[in-house]
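Notes to accompany the following structure.
The values are calculated or read from the model by the stated rules, or taken from the named source; none is laboratory data. Fair warning: this is a prediction, and the values are worked out from it, not measured in the lab. Ideal geometry is used to build each Cβ from the backbone, glycine not excepted, and the neighbour counts take in all protein chains shown. Only protein heavy atoms, including side chains, enter the accessible area calculation; ligands, DNA and RNA are left aside. Shrake-Rupley method; radii C 1.70, N 1.55, O 1.52, S 1.80 Å.
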Amino acid sequence: MARTINIAIAGLGTVGAETYRIITEESDFLKARSSAKFNVLAVSAKSRDKKRDVDLTGAEWITDCRDIADIDNIDVVIELVGGSEGVAKELVEKSITNGKSVITANKALVATHGNNIGELVAKHDVMFGYEAAVAGGIPIIKTIREGLASNRIGKIYGILNGTCNYILSVMRETGQEFEDILADAQRLGYAEADPSFDVDGVDAAHKLAILSAIAFQTPINFNGVYVEGIRLISPIDIDFATELGYRIKLLGIGELLGNGLQQRVRPCLVPVNVPIAQVEDVFNAVAAEAEGLGTSLSYGRGAGAGPTSSAVLSDLLDFANNRRTSFLGTADSELVARPVQELQKLSGSYYLRLQVYDRPGVLADLTAVFRDKGVSVEALLQRGRNPDGTVPVVLTTHETSEEAIQKSVAEFEKLENVVEKPCILPIENFAG
């Protein structure tokens, strides 16, 4: 006789409602995968009266989701409330303390409090599933934590935010400005009313911190992630990048450098013939570079009701089949605290776009700054004059240090003929 697993779902937005629907409507399929019967015993959300396309009559409504943790016969709590603090954190911690397993899509919570949650999980011997926290329907947590467990990973990188990738894709296709595309993304539901976490890179940084911890066997260090967003990217940057043979992508990159860990989220130029440059629209992709393996690339939809609920249910089936591993795939006693490798220590090539007055000697002033900082120019591009007498100038460099580039930019900003903040983008020449 199939055992029954009692579930509570906190949060009934698009993901929560779809998760509930699949559990209740696809019970035979899920039973075939697990030899278990899943029963949604309780649900909770901000509003009980909100119109939803699912029938909730079979579940008890819990007004305060934190009370779910006190229901004795709940086996698994699915937390889809979101947010790194407040009720979501309280519900998760209380549920684990009360001996209940937890499944979540909450990357902010895992990135911010994951180390403490991992300790609680080990102490109370429960499962904590968070596949849905990173890259939606791409099983990237399992891929790195389990599928690549025998590989020494030296670098991970990827497109971790579908909203930014959509904006950059549309900018390249249409030439529209950032703000116009963002407004369209909000109307289409690809961006929140407050898009800051997406377009300023914070969402991608949460996901990168989680992936880095798994890949490099280290505690999660969200505060060690350097973060830039895409607000300064304009259609002219997209055009220049295309002319130079690149595409612009917001990438999360984590890599071991010496005994340190360097984590960064920033827009980059990527050669157009590299697979990750071909990832468009709201799709995500994550690559891992490992000894012997080379580069492994995972690709798919990174958000939305279907992809995210797929990941939630994957964790639920793992619970039913008693497939468990340690929180980060490495025993807590074996985790290595790695020092933050500062951004200034990086080396590579760079793209810089400056808006300058079209006057004699301006280019000489720019190249003189690079000369004084030891930066070698690879290419220089200039477009026609604007009505206000300014022109965009693009400089690309040979390999140099981040420190030299930052010092050069500080000098550029002092020049009277430079009229706005320069746009600086690293050029990432990944292996195919």
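Observations
- Straight-line cross-link partners of K51 among the lysines, defined as a Cα under 27 Å from its Cα and at least 8 positions apart when in the same chain: K89, K107.
- Peptides 244-251, 104-111 ordered by packing proxy, namely the average of other Cβ atoms within 10 Å per residue, highest first: 104-111, 244-251.
- Relative contact order, whole percent, for the stretch 235-361 stands at 21, derived from Cα pairs under 8 Å and 6 or more residues apart.
- The stretch 196-235 - percent relative contact order, Cα under 8 Å, separation 6 or more: 48
- Separation of the stretch 316-365 from the stretch 376-403 is 25 Å, based on Cα centroids.
- Between 0 and 90°, nearest 10: helix 178-187 axis offset from the chain longest Cα axis: 20
- Straight-distance crosslink candidates among lysines, where the alpha carbon sits under 16 Å from K373 and sequence neighbours closer than 8 are dropped: K345, K407, K414
- Size descriptor for the stretch 1-132, Kirkwood hydrodynamic radius: 14.9 Å (Cα pairs only, one decimal).
- Using a probe of 1.4 Å on the protein chains alone, the accessible area found for F283 is around 50 Å².
- Over the stretch 25-78, all Cα pairs binned in 10 Å intervals from 0 give whole-percent P(r) values of 20, 46, 30, 4, listed from short to long.
- When both the stretch 196-248 and the stretch 1-29 are represented by their alpha-carbon centers, they are found 34 Å apart.
- By average C-beta atoms within 10 angstrom, highest first, the peptides 413-419, 121-127, 206-212: 206-212, 121-127, 413-419
- For the chain, the longest principal axis of the Cα atoms and the long axis of helix 235-244 meet at an angle of about 70 degrees.
- Two-decimal Rg/Rh across the stretch 373-418, once Rg and the Kirkwood Rh are taken from alpha-carbon atoms: 1.03
- Dipole check for the stretch 243-336: with +1 at the C-beta of Lys and Arg, -1 at the C-beta of Asp and Glu, and the Cα centre as origin, the magnitude is about 200 Debye.
- Dipole-positive endmost among V54, V409, A215 within the chain (Cβ charges, Cα centre): A215
- For the chain, the relative contact order comes to 15 percent (Cα pairs under 8 Å, sequence separation of at least 6).
- Diagonalising the gyration tensor over the Cα atoms of the stretch 348-432 and scaling each eigenvalue by 5 before taking the square root yields semi-axes of 22, 15, 11 Å, largest first.
- Degrees separating the helix 202-216 axis from the principal Cα axis of the chain, which is the longest one: 70
- Over the stretch 306-405: Kirkwood hydrodynamic radius from C-alpha pairwise inverse distances, Å: 18.6
- Other-chain or far-sequence residues with amide H under 5 Å of A36's (modelled H): none
- Net charge dipole size for the chain [Lys, Arg +1 and Asp, Glu -1 on Cβ; Debye, nearest 20]: 640
- Accessible area per residue for the stretch 156-210, computed on protein heavy atoms with a 1.4 Å probe, is 38 Å².
- Efficiency of FRET between L415 and S27 - r from beta-carbon atoms, R0 60 angstrom, step 0.05: 0.30
- Calculated on alpha-carbon atoms, Rg and Dmax of the stretch 224-323 in Å: 17.0, 53
- Helix-only arithmetic for the chain: the sum of -39500 (n - 2.57) across DSSP H runs with n ≥ 4, divided by the residue total, places the mean residue ellipticity at 222 nm at -10000 deg cm²/dmol.
- Peptides 348-359, 144-155, 4-15, ordered by how many other C-beta atoms sit within 10 Å of their residues on average, highest first, read 4-15, 348-359, 144-155.
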